[in-house]
Amino acid sequence: MAESERQSPPDSSEEIPPATQNFLIPKKEIHTVPDMGKWKRSQAYADYIGFILTLNEGVKGKKLTCEYKVSEAIEKLVALLNTLDRWIDETPPVDQPSRFGNKAYRTWYAKLDEEAENLVATVVPTHLAAAVPEVAVYLKESVGNSTRIDYGTGHEAAFAAFLCCLCKIGVLRVDDQIAIVFKVFNRYLEVMRKLQKTYRMEPAGSQGVWGLDDFQFLPFIWGSSQLIDHPYLEPRHFVDEKAVNENHKDYMFLECILFITEMKTGPFAEHSNQLWNISAVPSWSKVNQGLIRMYKAECLEKFPVIQHFKFGSLLPIHPVTSG
């Protein structure tokens, strides 16, 4: 990492903040439906969607198994996620009458709540220690809700916000792009799937068969970008069991499909109607563009999702400042 320590970043989301920046504990700002206008005009929205689209471009046409740079910060983030994974093993589900929402999740979550700042401090260098309490809030928000024992796209968005904040303070850099998706986000997905399975978490605000997926959205966006201009895999192939089994280790989108088919029974067209419809789209670039539009409409512009989003100094609620 040292060689790129002080080079001027080519991308505005990579500003290295002055040491004097006043970090804030992020808090909710979207309290009513009319507040949604504030969100859509905010610096946070512009930076968040910019981050998602930058990564979308970064992974275009690349396999999960391709060669890419892995910095020390990336390794430390993977180690952090490995710790969360180990805590699941150490916190087995408890016997309870209800099949869903195993209460052992609350024990697991309490450990994260207590340790989040220490975990984030392992990733953030000491000269940026002041940022830790702000950034750690997004990590705590990214693993589900401990009252309802549910998980959904709002929690996933908090993890993307966590990574975006690490870019803004210069811990992650432009040349970490591929590793952010393939190594860190992919590991996060594995841990979330394990949480969902182990504690039988409920989908937060699920739209049932009309939603894209009970739990995730971003891996479908980035996963469809990976498949753009693929020599033979077309959207129609992802409903083909053989194609999925042979290629899921290379493509995030197919890994998501595999997980759905493991978790759900019955015909694909019935349990995942939206995805079934998407399989009829002729090209991956059309799928990718459509999913970005759908993400904005179904997640980022929905009050029940965004009311939980928190704003601080790194992802501020104030309107976009030009310049």
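Residue pairs, Cβ under 7 Å, 6 or more apart or interchain, first in region 168-194 and on the phi > 0 side of the Ramachandran plot, second assigned to a helix (DSSP H, G or I) and open to solvent by 10 Å² or more (accessible area, probe 1.4 Å). List them.
GLY170/GLU14
Could you list, in sequence order, the residues of region 142-157 that are open to solvent by less than 10 Å² (accessible area, probe 1.4 Å) and part of a helix (DSSP H, G or I)?
Result: GLU156, ALA157.
Considering TRP276, TRP222, which residue is over 19 Å from TYR151 (Cα atoms) and modelled with pLDDT of 95 or more?
One residue alone meets the criteria, TRP222.
Please pick out the residue among THR54, THR83, THR65, THR91 that is at negative phi and open to solvent by 70 Å² or more (accessible area, probe 1.4 Å).
The conditions single out THR65.
Please indicate, with yes or no, whether at least one residue in region 191-203 is open to solvent by less than 10 Å² (accessible area, probe 1.4 Å), of a type in the set (Phe, Trp, Tyr) and either touching a Cys at 6+ places or on another chain (Cβ under 6 Å) or closer than 26 Å to TYR68 by Cβ (or both).
No: zero hits.
Only one of (1) under 22 Å from GLU202 (Cα atoms); (2) buried (at least 17 other Cβ atoms within 10 Å of the Cβ) fails for ASP250. Which number is that?
So ASP250 meets the others, but not (1).
Just wondering, is there one or more residues in region 294-301 that are under 20 Å from ILE52 (Cα atoms), touching a residue at least 12 places away in the same chain (Cβ under 8 Å) and surrounded by fewer than 16 Cβ atoms within 10 Å (Cβ to Cβ)?
Yes, because at least one residue in region 294-301 is under 20 Å from ILE52 (Cα atoms), touching a residue at least 12 places away in the same chain (Cβ under 8 Å) and surrounded by fewer than 16 Cβ atoms within 10 Å (Cβ to Cβ).
Among the residues of region 259-273, is there at least one that is within 19 Å of ASP214 (Cα to Cα), open to solvent by less than 60 Å² (accessible area, probe 1.4 Å) and modelled with pLDDT of 95 or more?
No, region 259-273 contains no residue that is within 19 Å of ASP214 (Cα to Cα), open to solvent by less than 60 Å² (accessible area, probe 1.4 Å) and modelled with pLDDT of 95 or more.
Restricting to region 19-51, and then to whatever is of a type in the set (A, V, I, L, M, F, W, C) and more than 27 Å from VAL132 (Cβ to Cβ), can you tell me which residue is most open to solvent (accessible area, probe 1.4 Å)? Steps first, answer last, please.
The initial filter retains those residues of region 19-51 that are of a type in the set (A, V, I, L, M, F, W, C), namely 19, 23-25, 30, 33, 36, 39, 44, 46, 49, 51.
In the following step, the residues that additionally are more than 27 Å from VAL132 (Cβ to Cβ) were identified as 33, 36.
Details: VAL33: 96, MET36: 14 Å².
By that ranking, first place goes to VAL33.
The values are calculated or read from the model by the stated rules, or taken from the named source; none is laboratory data. Keep in mind that this is a model prediction, so the values were computed, not measured. Don't worry about glycine lacking a Cβ; one is built from the backbone with ideal geometry, like all the others, and counts go over all protein chains shown. Surface accessibility is based on the protein's heavy atoms, side chains included, excluding ligands, DNA and RNA. Shrake-Rupley method; radii C 1.70, N 1.55, O 1.52, S 1.80 Å.
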